[in-house]
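Okay, so here's the structure we're looking at.
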Amino acid sequence: MKARRKLSREFKLAAVKKIIEQGLAVTKVTRDLGVAESLLHSWKQTFFVEGVVQQPPALLLVFYRPFGVGLASSRKANSSNSTF
């Protein structure tokens, strides 16, 4: 059985910055560094919660939906505005 590696905080932050600042794919970074994809996602979330890194605005807006607006009402509103 392999001994577990102890990765430094600096190593983890550099890996996270590769996906956030350089825009590299998570799968590419994990392959290059030899770490699991779930680890990189975990490090990214940890640094985001700590305020060390910020998510790109596009990633935050993807999941935005105003409070009280459900999918049914959104679909109904979109279908009535359709020009097809």
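The values are calculated or read from the model by the stated rules, or taken from the named source; none is laboratory data. The structure presented is a predicted model; accordingly, all values stated were derived computationally and were not measured. Here the Cβ is made from the backbone with ideal geometry for all residues, glycine too, and neighbour counts use every protein chain on show.
Residue-wise test of (1) out of contact with any helix residue (DSSP H, G or I) (no Cβ under 9 Å at 6 or more places or on another chain); (2) part of a helix (DSSP H, G or I); (3) modelled with pLDDT of 90 or more.
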| position | (1), (2), (3) |
| --- | --- |
| ILE19 | no, yes, yes |
| LEU24 | no, no, yes |
| GLY68 | yes, no, no |
| SER74 | yes, yes, no |
| SER82 | yes, no, no |
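Looking at the range 26-35, which of its residues are surrounded by 10 or more Cβ atoms within 10 Å (Cβ to Cβ) and either in contact (Cβ under 8 Å) with a residue 40 or more places away in the chain or assigned to a loop (DSSP other than H, G, I, E, B) (or both)?
VAL35
Filter the range 39-66 down to residues that are farther than 13 Å from LYS12 by Cβ and at pLDDT 60 or above and give me whichever is nearest to the chain's Cα centre (by Cα).
Among residues in the range 39-66 that are farther than 13 Å from LYS12 by Cβ and at pLDDT 60 or above, the one nearest to the chain's Cα centre (by Cα) is GLN55.
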